[in-house]
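Below: the structure, in structure tokens.
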Amino acid sequence: MIKEWVMLMNKFSIIIPVYNSEKTIKRCLNSLTSQTYKNFEVLLIDDGSTDNSFCLLKEYEIDSRFIAIHQKNSGPSNARNKGLDNSSGDIICFIDSDDYVSENYLEELNNKFNENNADLVFFSYNKFNDNGIVSTHAYLKFDNNYFKNINELSNKDMFGYTWIKAIKRNVIGDTRFDNSLSLFEDEVFICNISKPSLIMNYIDKPIYNYYVDNYNSLIRKTYNDYYLKCEKVYNAWKNMLKQQDYMDEFLKRKANGLTKNCIYYGLERNVDYLSFYKELSNCSFFKESNIEDKLINAIRNNDVFTIELKYYKYKIKNKIATLLKK
């Protein structure tokens, strides 16, 4: 009986990287103080904030479950690693500082972990902005096929995000986020801890609320080496899927998706597109893609004239479309 009680009362470690979040952090933390499930700790990693964030975090330490840690600004990967190194829970959750969770967030997670002794539990979520909830996102039902599940998650672009799941500590082990990555670091991390033997479960109700900042989404940072970040993602998937039956089929789709993203990135972002596409042509995912497209074929053949023609044609078309909307 005692053994069963201990199993039911998993301790959760909630890791929240914080950077200049004084406007949203109270909403996030208040959603944790009101949890119906009480066995948890919250590691608040202030990543060199220049606003009042750290002072706000310290206020919550009146509750001994909340631990505020300050470090020099070094990015979300390092902040999450600091949280992992200082956590003590059986199950790890990651929450973004501008998001918040339902009051039964931990209770629902605990029940699902105990339902089938799961290693990872995913859940549905709401998207919201300053005007309120704008949409609800849910997955299909999970089954016992691990690769079918991750394929569906990947198709919905939600496999890699850390906040969309909770993970047992023993699954993570000594694995940490890649500090050299400032984009896609979460997807690489999840690939690195995933394996077919893991038991997955799913909560078919929105227990997490994801904030959509429409203004900041328009001025997001441009990465001149975006293709290298995609290469790391591709290699992480390749390593995770090695020797699995449908590895080739899945990786081909992944290569095609990453290639399309990079082509669009070169057209839309302020990068040296000729240099960008030249480096892209050396990436393994680009070489593995089988998309037939005039611009992609020109990149494969180093046909600079066609690349420039397609680039300026795209820009002119978009400029005309913009003018027509006015």
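Structure notes:
- Taken together, the residues in segment 11-46 that are part of a strand (DSSP E or B) and among the small types (Gly, Ala, Ser) amount to 1.
- Flag if Gly83 is in a loop (DSSP other than H, G, I, E, B) and either open to solvent by less than 10 Å² (accessible area, probe 1.4 Å) or more than 17 Å from Val121 (Cβ to Cβ) (or both): no
- Count of residues meeting criterion [touching a strand residue (DSSP E or B) at 6+ places or on another chain (Cβ under 6 Å) and either surrounded by fewer than 13 Cβ atoms within 10 Å (Cβ to Cβ) or closer than 18 Å to Asp204 by Cα (or both)] in segment 165-182: 3
- Matching option when the condition is open to solvent by less than 30 Å² (accessible area, probe 1.4 Å), closer than 27 Å to Ser74 by Cβ and assigned to a helix (DSSP H, G or I), among Phe159, Phe189, Phe147, Phe113: Phe189
- Conditions (1) open to solvent by less than 40 Å² (accessible area, probe 1.4 Å); (2) part of a helix (DSSP H, G or I); (3) in contact with a helix residue (DSSP H, G or I) (Cβ under 7 Å, 6 or more places away or on another chain); number of the one not met by Lys232: (1)
- Contacts under 6 angstrom Cβ, first residue in segment 201-213 being farther than 15 Å from Phe113 by Cβ, partner open to solvent by 40 Å² or more (accessible area, probe 1.4 Å), 6 or more apart: Pro206/Thr136; Asn209/Tyr100; Tyr210/Lys127; Tyr211/Asp98; Val212/Lys127
- Flag if Lys252 is under 32 Å from the mean Cα position of the chain (by Cα) and either free of Cβ contacts under 8 Å to residues at least 40 places away in the same chain or in a helix (DSSP H, G or I) (or both): yes
- Which numbered condition Ser77 fails, given (1) assigned to a helix (DSSP H, G or I); (2) at pLDDT 95 or above; (3) under 22 Å from the mean Cα position of the chain (by Cα): (2)
- Flag for Arg169 being farther than 24 Å from Glu152 by Cβ, among the basic types (Lys, Arg) and in contact (Cβ under 8 Å) with a residue 60 or more places away in the chain: yes
- Qualifying residue in segment 47-63 (condition: among the basic types (Lys, Arg), out of contact with any Asp or Glu (no Cβ under 7 Å at 6 or more places or on another chain), within 20 Å of Ile172 (Cα to Cα) and part of a helix (DSSP H, G or I)): no
- Sole residue being at pLDDT 90 or above, closer than 19 Å to Tyr314 by Cβ and surrounded by fewer than 17 Cβ atoms within 10 Å (Cβ to Cβ), chosen from Lys252, Lys260, Lys287: Lys260
The values are calculated or read from the model by the stated rules, or taken from the named source; none is laboratory data. This structure is a prediction, so every number in the text was calculated from the model and none was measured. Backbone-built Cβ (ideal geometry, glycine too); neighbour counts: all protein chains shown. Ligands, DNA and RNA are excluded from the accessible area calculation, which covers all protein heavy atoms including side chains. Shrake-Rupley method; radii C 1.70, N 1.55, O 1.52, S 1.80 Å.
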